[in-house]
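What follows is a short report on a single structure.
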Amino acid sequence: MRIKNANSQLDRLSQTKSMVLIDPGEANKQISRHRRNHSQHYVTDNTILKDILVTQNKEGILNKAKITDKGKKLRKNWSTSYVVLSDRKLDFYKDAKELTPNVKSGSKSDSIDLYGAEIEWTTEKSSRKNVFQITTVSGNEILLQSDTDITIQEWFQAIRNTIDSLGKGQLFPPLSINVWKSSSAEMLHHGAELKGKKNEQRKSLVFKLNYSASDTSDRNRVKTRLKKFISRRPSLKTLQEKGLIKGLDAGGLYRVSGNLSTIQKLRFVVNQEEKLNLDDSQWEDIHVVTGALKMFFRELPEPLFPHSFFEQFVEAIKIQDSKLQVKAMRDLVKQLPPYNHDTMKVLFKHLRKIVVNASTNLMSTQSLGIVFGPTLLRPDNDPRNMAVYMVYQNQIVDLMLMEFDAIFC
């Protein structure tokens, strides 16, 4: 609200978009005016007045990716959203049309509460430029991005200011005073009631402060315990190593092909013995990692099952008696060179974990046999009867997966 003179403190210019309200009892003080920009007017004096600054909501188009939902990691999937920043929330819509009254209800794709949230720039979570991350107290992690430097800087600053204004780390949101957004006539009407409402708000403030002070110690203890618990929470890598999170439920593991150029890039990194971090966003597609592993075994000068053992494994799989068949396989595996034996054991142990999740990834022992049979064992320069050989190759891998404990005991 612009103050024209000392006797008409409740008047304002109609074009003003943001307002500064002052105490009517202080209207007779000398005040100076300075326009900072086209949307805000600041009333200043030698001392800071107890003003209430009301800023407009921000909205516009940004690229968005939700990578964590209530602590659960999600596959990063970028999409364009129409973002609306309000007093303490960030709302995401498919487009600006959903903001209309007849469409808005129930059409919101996502919304996050900024109270207690953290915001920071990140270069590790995405290969895109101009990316920052918002982490909420409920365990959600959102990435926002724009190719325009000025746009993303403005959004980062606006969201950070909103978070700071809410009071980071407090147990309750800061107390707010209701400011009415209405026409000039409505402001005049509400201005007459401002003094009475301030008295009510003062009483409410005293009550809430007393309530908060009486219970602060208990809440601080709870907060400290939660912080310690979260800080001791094991990393994703640790949980994977312990087998608590396997990440093996993706559909068509080893059957679905990943991006060939990315697979070749991963292969180059491994071959050059560079420092490899599979948690890097460029390897986030699990089919790239599985494709690289298949390529490694496929391009070995000699397959994991040596050429000299090929015919013996074929003869073993032809045995009709199941017990004798497993015994023959176990004897052949024991005769393998140490490197072949140990690598084979690790590989099949890994593939067994995939079979355990066959209900979600749809990869049974037969499916893995079809994928890995021709890759792990093949005759040496003998293209004859390839169709027949393929049946035996698949059956050998299938049997070794089903009888893993007996064969690799």
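The values are calculated or read from the model by the stated rules, or taken from the named source; none is laboratory data. Because the structure is a prediction, the values reported are computed rather than measured. Here the Cβ is made from the backbone with ideal geometry for all residues, glycine too, and neighbour counts use every protein chain on show. Keep in mind that these areas ignore ligands, DNA and RNA; they rest on the heavy atoms of the full protein, side chains included. Shrake-Rupley method; radii C 1.70, N 1.55, O 1.52, S 1.80 Å.
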Revision key, fill the gap. Along principal axes, largest first, the alpha-carbon spread of segment 270-346 in whole Å comes out as 49, 22, 17
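Ranked highest first by the average count of other Cβ atoms within 10 Å around their residues, in what order do 255-263, 287-295 fall?
Values: 255-263: 15.1, 287-295: 18.8.
Result, highest mean Cβ count within 10 Å first: 287-295, 255-263.
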Review point. What is the spin-label model distance, in nm, from GLU273 to SER364 if the labels are put 7 Å beyond Cα along the C-beta direction?
Key: 4.4 nm
Point to revise | Table column - 3J(HN,Hα) (Hz), segment 57-70, Karplus curve with 6.51, -1.76, 1.60, x for Gly and Pro | key: 5, 10, 8, x, 9, 9, 8, 10, 9, 9, 9, 9, 10, 6
Practice item. Would you mind getting me the FRET efficiency between ASP405 and TRP78? Use the beta-carbon distance for r and R0 = 45 Å, nearest 0.05. Key: 0.55
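Quick one: length gained pulling ILE150 to ASN57 fully straight, 0.36 nm per residue minus the C-alpha distance?
Details: separation 93, 0.36 × 93 = 33.48 nm, distance 1.77 nm.
Gain on stretching ILE150 to ASN57: 31.7 nm.
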Practice item. Can you pull the one-decimal nm distance between simple spin-label points at PHE296 and ASN161, each 7 Å off the Cα toward Cβ? Key: 5.1 nm
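From the cross-link list LYS318/LYS349; LYS125/LYS275; LYS66/LYS89; LYS64/LYS125; LYS70/LYS223, which pairs have alpha carbons spaced over 20 Å apart?
Too far apart for the 20 Å limit: LYS318/LYS349.
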Review point. Dimensions of segment 269-409 along principal axes (Cα, Å, largest first)?
Key: 49, 36, 29
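Might you tell me the accessible area per residue for segment 292-333, computed with a 1.4 Å probe and given in Å²? Could you put the intermediate results ahead of the total?
Values: 2210 Å² over 42 residues.
Roughly 53 Å² per residue, with all protein chains present.
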Review point. Carbon and sulfur: what percent of segment 364-409's accessible surface (1.4 Å probe)?
Key: 55 percent
Review point. How do TYR339, TYR82, TYR93 stack up against each other in accessible area, from largest to smallest, with a 1.4 angstrom probe?
Key: TYR339, TYR82, TYR93
Point to revise | Accessible surface, segment 351-390, averaged per residue in Å² (probe 1.4 Å) | key: 54 Å²
Review point. By how many nm would the segment from GLN312 to ASN357 lengthen if fully extended, with 0.36 nm per residue of separation less the alpha-carbon distance?
Key: 13.0 nm
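Net charge around LEU362, counting only other residues with Cβ within less than 11 Å of its Cβ (Lys, Arg = +1; Asp, Glu = -1)? Don't skip to the answer; put the middle values down first.
Numbers: positive: ARG255; negative: ASP249.
Residues near LEU362 contribute 0 overall.
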